[in-house]
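A.B. asks: Pasting a structure below so you can have a look.
What follows draws every value from the coordinates through simple rules; no lab data is involved. All figures in this text were calculated on a predicted structure; none of them were measured in a lab. In this analysis, Cβ positions are derived from the backbone assuming ideal geometry, glycine residues included, and neighbour counts consider all displayed protein chains.
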Amino acid sequence: MPRRQHITVLMILAVSAFLGITFVLSFRSQPEGTRHPDYTPSYHQQVSVDEGLLKGVATAPKLENATLKAELGNAAWKLLHTMMAKFPDKPTEDDSAALKSYIHLFARLYPCGDCARHFQKVLDKYPPQVATRSTAAAWACHVHNVVNKRLKKPEFDCSKIGDFYDCGCAEDGVPAKGKKEGFTPLTLDDKEGLTRGG
């Protein structure tokens, strides 16, 4: 009997030693800073945005204050036009999908409910054009004019959009002048028209 107890104790010690060594080695293979017990790893997950989420119903309440509505509208258009001016000349599929998703989510979450619902109708009729920077900028100008027409505001000459919404691109501390490497100043061609879809 005593011999069996010694074998059992030795087996328990061997298994404990094996588990202890495995535990220590698992922490040694982790990058510095991730060994803290409170560390929560962040896993890169593919985010898939479905049509239901993109084109869901806008739920913001009506914005009654006309001054706030106008300020919000001016800031929103500046953001959208500047975003189009900074969009790549030759976007990847990922760039195009991201911009399209952003525009639809922007319309859905816009803080003026009536404005959001109207803009969603505009997007249904004129889907975002994201093939190039020029088509994105022309599309944004066109839908801006659709909204301006509805609000009885003057329409903007879209051939001059590049003069109003520059990308602001520059090297560190050096203002942008002319063409930069990898960036072509925004110009709209007459042959680039708006089409339905991508």
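A.B. asks: I need Ser159, Ser96 ordered by Cβ neighbour count within 10 Å, fewest first.
C.D. replies: Least to most surrounded, the residues fall as Ser159, Ser96.
A.B. asks: Within a Cβ distance under 10 Å of Cys141, other residues only, what is the Lys/Arg minus Asp/Glu net charge?
C.D. replies: -1
A.B. asks: Something else about it: Could you sort the peptides 141-147, 6-12 by per-residue average Cβ neighbour count (10 Å cutoff), highest mean leading?
C.D. replies: 141-147, 6-12
A.B. asks: Here's a follow-up. Pull out the extension gain between Ala97 and Met11, defined as 0.36 nm times the separation in residues minus the alpha carbon to alpha carbon distance; nm, one decimal.
C.D. replies: 25.1 nm
A.B. asks: Related question: Count charges around Ser101 for me, please; just the other residues with Cβ under 14 Å from its Cβ, Lys/Arg as +1, Asp/Glu as -1.
C.D. replies: Neighbourhood net charge equals -2.
A.B. asks: Counting other beta carbons within 10 Å of each Cβ, put Trp139, Trp77 in order, fewest first.
C.D. replies: Trp77, Trp139
A.B. asks: Longer than 18 Å from Cα to Cα, which of Lys78/Lys125; Lys100/Lys125; Lys100/Lys149 are they? Say none if no pair is.
C.D. replies: From the list (Lys78/Lys125; Lys100/Lys125; Lys100/Lys149), the Cα-Cα distance tops 18 Å for Lys78/Lys125; Lys100/Lys149.
A.B. asks: Hey, another quick one. Once the Cβ-Cβ distance between Asp50 and Asp114 is put in as r, and R0 is 22 Å, what FRET efficiency do you end up with, to the nearest 0.05?
C.D. replies: The value I calculate is 0.30.
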